[in-house]
Every structure is written in structure tokens, then in C-alpha cells.
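Student: The structure follows.
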Ligand SMILES: Nc1ncnc2c1ncn2[C@@H]1O[C@H](COP(=O)(O)OP(=O)(O)OP(=O)(O)O)[C@@H](O)[C@H]1O
Ligand SMILES: [Mg+2]
């Protein structure tokens, strides 16, 4: 049934638009971040043309894109869900004929859509700063990015559900945000991560939100690598779906509603 | 038809640690705190009845309502709502019940009221024509027109509560659980909410379970009450019967000429004129009145007895 989900997505969109001032700050932060990264990395490269197979131009394009993606898709539902669990408002979400997780996912999709609308003015600036040119692999980019988005929404749903155990997850949310941004490679591309850190970053799913699609866009990943990335993304989605289902079933049984 | 049998809810939750890493310790601890919120409650409510579900703070009323809606799973006992077990058949149950919690709102705080109402229409898949009709009725009965486009955070408590009532009723559920729907409202707003409840009950034979601390609500709306304390049923029956059964004696209140006030219990069989004559013979009386037992004094007495 599509109508309940469309309704929730509309609320997510309206919610995003209701916080316009937040978005203005986000746009400013995004532009500042992209500028700073450009300065730092230009200095790091000095005069050398390439590092780990990336030219400075490709690196700057990559970083700008990865940050644009990360900013546009920052999940909001953990914050919403925790607030509603803490205040007991989650009662109403749970009393609907539509499942809780699909409501939250729909809210997130609507919210992301609103974020894209409001980030639109920043896009030309970011493209300019990153000297981003059209990609040679549009299909691969869209595929890896869309699947990466699904992964990101599923991970945030998992964080939402953890709230039913801890009932207090501000710290966990913050930690998740830091970890996910770092391992998405929004500051440093994953191929620059040293040793064990690189292995870890490669193994974790966060890279699909930032590094992988952006690297596909600038051509750092190409051909068979793109196909393999897509396959692993699909596997992640299947695994996360199973995990979410199992965790949610247990959470559901132990739901308590705060306040009366 | 709501049927509840030996319903019990024990809250068992990990001991909450405070201090640094408290959240983490809470996450891994094996220490549990237990609290019996509902303790063997049984009752039946036929279709179309308005029942007052009363009890002092912490009696277990809200917990019962949460189980009736299927959100909380009972520790033991049975619930059947129109033949369904609420927590097993959540979806069908969700469509059949509307809930108002006076203490919290289902409306989206930052969005205009109408957005939350539309969302309810979508979530319960109310056909467009029926939704428009329902919304019209709500607006007329509850006077929502003035603030439909106002963000909920800018509404007064009474306006918000009316919005919540509308949201709970937009899809015409045959059963309504109202947990303190008049808390904090002024006299007129209370009146509007009561009239809305009566109207809904009459129009659609809606079954209403009403929790409130305002006994005027109860007197205006319910013929039957279920009184609970510490999770157990203390009384289940008509209000009139309760007042007769538990009625404290009537009292004669006398104000003496020197300003002092005295009260005399009117024991059963006493003739009131004789009592007055007797008091008048001994004192100079400025004014007198007779206190009839009412629901409030009865409930006060029952709460006081169960405290002991
Ligand atoms: N989530 C919870 N965890 C632990 N104990 C709880 C929880 N919710 C309620 N309780 C306890 O259960 C008992 C009943 O609470 P409940 O909210 O049902 O009372 P109530 O009758 O609605 O009271 P009030 O009139 O104050 O709203 C209380 O002692 C309360 O402390
Ligand atoms: Mg309560």
C-alpha cells in the first residue's frame, strides 16, 4: 500500500522545509567544507601530479561530490525516532496500521527529497569549486549512489530500533554520525587510508554513501570494479534487511511506552 | 465488545545506571527492576457504552489503555476487542480504535494542524470523499477552522486537544480510548470536548473508555465506572450504585454566631429537623447547610481506604 508511505514522505518533506534556517546553515557548512578541503589538499599535493592513482583535479572533484552526497542524505530519522521514543510519542507511530519501519523509511525519503530541493542553490558552487565535469559512467554512478542510499536508510533504521533498548541514544547517534562520515571518506578518500584502517574502511558499508559513488563518478573506480561494487551493495542490502527484521522483532516485543 | 480477563502487566527493565557510561552499563546489565502496573484486571464493555476508567495516580490506567491498543503486550491474562487479540492482530485493531492521550499529542509539532490530519487520512487510507466529510464534521463540532493552518506548536492546549480528538476520529473507529482528554482545559473547552464525545457516541454507537481525574467529566458522560488502584479493580458498576453503597453519611454544617463552623454527622434514621432543633437549642446559629454525599466524596473515601 503506497498511500500511507506517500503520506509519511510528505510529512518528512514538510518537516525538512519547516527547518529552513537549518538548511541555510547546512548549505554554508557544505560550501565551507568543500573550500577548506580544496585548500588543504592543494597544499598536500604541492606540485606533484598524482597520488595513489588520483590526480589533484580528480581528488577535488571526488571530495566535493562525496560531501555533497553526504550532506544531502544525512539521516534525520534517528533523531526523530529517539525524540519520539523518549517522550512516548512513538505510541502513535506504533498504533498505525502501517509498519513502524516503513513509516520511518518513508519519512526519511521525503526528508532527503526536501534536502535536495534546498541544497540545489549550493550545487553550482560545489561543482565549480570541485571543477566537476560530466561523468563517463552515469549509469554506474546512479546505480551505486541509489543502492548506497538504501544502505544508509537501513543503517539509520537500525539506529532507530536500538533506541527501544537504550531509551537514550543521543550519544550513539552522534557516534554513528561521526563514524559514518569518516568511513564514507568525505575528508580523505578511502584509497588513502593506511593499513588496518584501510581494510576496515573497505569492509564497512559506509563507503557506499560517499567514496564508492564519487569514485565511480570521477573514474577512479571503473569497469568491473563498478559491477562488483553494485553486487556487494545488493548483498549488504539483503544482509541488513535480515538483520533489521530480526532486531525489530525483538525490539517490538519489548516495547515500553514512556509516560502516561 | 471489549473483554478483559485477569490482565496483568509487570514492567521489567534493566536497572538504569547513572554516571559516566551509564547508558552502556544499562545496555549490558543483568540487574532488573520490576514493577506490577496492572494486577489481574477483568471487565467487559459492551458496544456503544461510555465507561469511566478511574483510579488515583499510578493506578495502572494508562498501562491498561496501552495494552488495549495492542502496543504493550500483557505479562499474562487475555484481551479481546471485537473478537481480536490487539497485540496479535495489530493492523486490524489499529483500524478499529482511536486514541487520545491528553498528556501527549499525535500531531506533528512543527507542521500546520491540517498536515497531521491529512497524514491520518493517508495512514488509514480514508477515501477522499469520506475524508472531506469527516473533516467537515470535525471542524464544525470542534471549531477547528480558525487554526487548521497554524503550526501545532503555536496552538493553545485546548486547541491542540481538539486537534488530537479530530485526528483520533477522522477514520471513524468504532472504539475510542480517551486517556485524560480534558486535562488542563478551561470550562468551555471541557464542555466542547464532552459534547463531542457524547455526539460521537450517539452518532456511531462508538464505544468509549474514558480515563480522567475530573469527576465532572464522569458525571456528564458515564453511567458506569471501573475504579482501579494499584492495578486491581476496586469497583465496577453504576455511579448511582456506588454513591449509595459507599456513601458517607450526610453532614449538617453549622456556622455559629461567633464565626465558628461545626459539622454534625447525620446518622441513618436521624430526623434532620430534630437535629437542627437540638443544635439550635444549644448554640446561636448564623447559617446552616446540609452536605449530600457526591461522587467526589465517595471516591475520596475509597482512595483513602485503599491507601491504608
Ligand atoms: N515504562 C514503564 N516502566 C516501568 N514502570 C512503569 C512504566 N510505565 C508505568 N509504570 C508504572 O506502572 C504504574 C502504573 O502506571 P500508569 O501510567 O498506568 O498509571 P495511571 O493510572 O495512568 O496514572 P496517572 O493517573 O498518574 O496517569 C506506575 O506505578 C508506574 O510507575
Ligand atoms: Mg495515566
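Student: Does residue B:215 satisfy the criteria of being modelled with pLDDT under 95, surrounded by 15 or more Cβ atoms within 10 Å (Cβ to Cβ) and touching a helix residue (DSSP H, G or I) at 6+ places or on another chain (Cβ under 9 Å)? Don't jump to the end; show me each part of the working.
Tutor: Values: modelled with pLDDT under 95: yes; surrounded by 15 or more Cβ atoms within 10 Å (Cβ to Cβ): yes; touching a helix residue (DSSP H, G or I) at 6+ places or on another chain (Cβ under 9 Å): yes.
For residue B:215, the condition - modelled with pLDDT under 95, surrounded by 15 or more Cβ atoms within 10 Å (Cβ to Cβ) and touching a helix residue (DSSP H, G or I) at 6+ places or on another chain (Cβ under 9 Å) - is met.
Student: So, one more: May I ask you to list the residues in the stretch B:90-122 that are part of a loop (DSSP other than H, G, I, E, B) and either outside the structural domain of residue B:184 (by TED's automatic domain parsing) or out of contact with any helix residue (DSSP H, G or I) (no Cβ under 8 Å at 6 or more places or on another chain) (or both)?
Tutor: B:103
Student: Determine which member of the set A:9, A:51, A:43, A:72 is within 27 Å of residue A:221 (Cβ to Cβ) and modelled with pLDDT of 85 or more.
Tutor: Numbers: A:9 fails: within 27 Å of residue A:221 (Cβ to Cβ); A:51 fails: modelled with pLDDT of 85 or more; A:72 fails: modelled with pLDDT of 85 or more.
Criteria check complete, one pass: A:43.
Student: Residues being under 14 Å from the mean Cα position of the chain (by Cα) and assigned to a helix (DSSP H, G or I): count how many of those fall in the stretch B:180-203.
Tutor: 4
Student: Take residue A:22 and tell me if it is part of a helix (DSSP H, G or I) and without any contact (Cβ under 8 Å) to a residue 60 or more places away in the chain. Even if it seems obvious, please write down each step before you answer.
Tutor: Details: part of a helix (DSSP H, G or I): yes; without any contact (Cβ under 8 Å) to a residue 60 or more places away in the chain: yes.
When the stated conditions are applied, residue A:22 passes them.
Residue-wise test of (1) modelled with pLDDT of 90 or more; (2) more than 30 Å from residue B:96 (Cα to Cα); (3) buried (at least 16 other Cβ atoms within 10 Å of the Cβ).
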residue: A:97; (1), (2), (3): yes, no, yes
residue: A:104; (1), (2), (3): yes, no, yes
residue: A:129; (1), (2), (3): no, yes, yes
residue: A:132; (1), (2), (3): no, yes, yes
residue: A:137; (1), (2), (3): yes, yes, yes
residue: A:152; (1), (2), (3): yes, yes, yes
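Student: Now a separate question. When you scan the stretch B:219-234, how many residues do you find that are more than 19 Å from residue B:99 (Cβ to Cβ) and part of a helix (DSSP H, G or I)?
Tutor: Residues that pass the stated criteria total 2.
Student: Please work out if residue A:96 is in a loop (DSSP other than H, G, I, E, B), in contact (Cβ under 8 Å) with a residue 40 or more places away in the chain and in contact with a helix residue (DSSP H, G or I) (Cβ under 7 Å, 6 or more places away or on another chain).
Tutor: Working: in a loop (DSSP other than H, G, I, E, B): yes; in contact (Cβ under 8 Å) with a residue 40 or more places away in the chain: yes; in contact with a helix residue (DSSP H, G or I) (Cβ under 7 Å, 6 or more places away or on another chain): yes.
So residue A:96 fits the description; yes.
Student: Here is a follow-up. Which one of A:28, A:37, A:17, A:13 is part of a helix (DSSP H, G or I) and exposed (fewer than 13 other Cβ atoms within 10 Å of the Cβ)? Break it down into steps so the answer makes sense when it comes.
Tutor: Values: A:37 fails: exposed (fewer than 13 other Cβ atoms within 10 Å of the Cβ); A:17 fails: exposed (fewer than 13 other Cβ atoms within 10 Å of the Cβ); A:13 fails: exposed (fewer than 13 other Cβ atoms within 10 Å of the Cβ).
Being part of a helix (DSSP H, G or I) and exposed (fewer than 13 other Cβ atoms within 10 Å of the Cβ) holds for just one of A:28, A:37, A:17, A:13, which is A:28.
Student: Quick check on the stretch B:70-99: of everything there that is modelled with pLDDT under 95 and within 14 Å of ligand 1 (Cβ to nearest atom), which residue is nearest to the other protein chains (Cβ to nearest Cβ)?
Tutor: B:71
Student: So residue B:57 fits all but one of (1) closer than 25 Å to residue A:162 by Cβ; (2) out of contact with any strand residue (DSSP E or B) (no Cβ under 7 Å at 6 or more places or on another chain); (3) within 12 Å of ligand 1 (Cβ to nearest atom); (4) assigned by TED's automatic domain parsing to the domain that holds residue B:230; what number is the exception?
Tutor: (1)
Student: Answer with yes or no whether residue A:64 is more than 29 Å from residue A:99 (Cβ to Cβ), in a helix (DSSP H, G or I) and within 14 Å of chain B (Cβ to nearest Cβ).
Tutor: Values: more than 29 Å from residue A:99 (Cβ to Cβ): yes; in a helix (DSSP H, G or I): yes; within 14 Å of chain B (Cβ to nearest Cβ): no.
No: the conditions fail for residue A:64.
Student: So, in the stretch B:46-89, of the ones that are crowded, with 18+ Cβ neighbours inside 10 Å, more than 18 Å from the chain's Cα centre (by Cα) and outside any loop (DSSP other than H, G, I, E, B), which residue ends up nearest to ligand 2 (Cβ to nearest atom)?
Tutor: B:79
Student: Of the residues B:152, B:183, which single one is within 16 Å of ligand 1 (Cβ to nearest atom), within 14 Å of chain A (Cβ to nearest Cβ) and touching a residue at least 40 places away in the same chain (Cβ under 8 Å)?
Tutor: Details: B:152 fails: within 16 Å of ligand 1 (Cβ to nearest atom).
The match here is B:183.
Student: Still on this structure: Would you check which residues across the stretch B:17-45 are more than 20 Å from residue A:253 (Cβ to Cβ), surrounded by fewer than 15 Cβ atoms within 10 Å (Cβ to Cβ) and free of Cβ contacts under 8 Å to residues at least 60 places away in the same chain and list them?
Tutor: Hits for the stretch B:17-45 are B:18, B:19, B:20, B:21, B:22, B:24, B:31, B:44.
Student: Regarding the stretch B:103-125, can at least one residue be identified that is within 8 Å of chain A (Cβ to nearest Cβ), within 16 Å of ligand 1 (Cβ to nearest atom), surrounded by 21 or more Cβ atoms within 10 Å (Cβ to Cβ) and farther than 21 Å from residue A:9 by Cα?
Tutor: no
The values are calculated or read from the model by the stated rules, or taken from the named source; none is laboratory data. As the structure is a computational prediction, the values presented were derived from the model and not from experiment. FYI the Cβ positions are ideal-geometry reconstructions off the backbone, even for glycines, and counts take in every protein chain you see.
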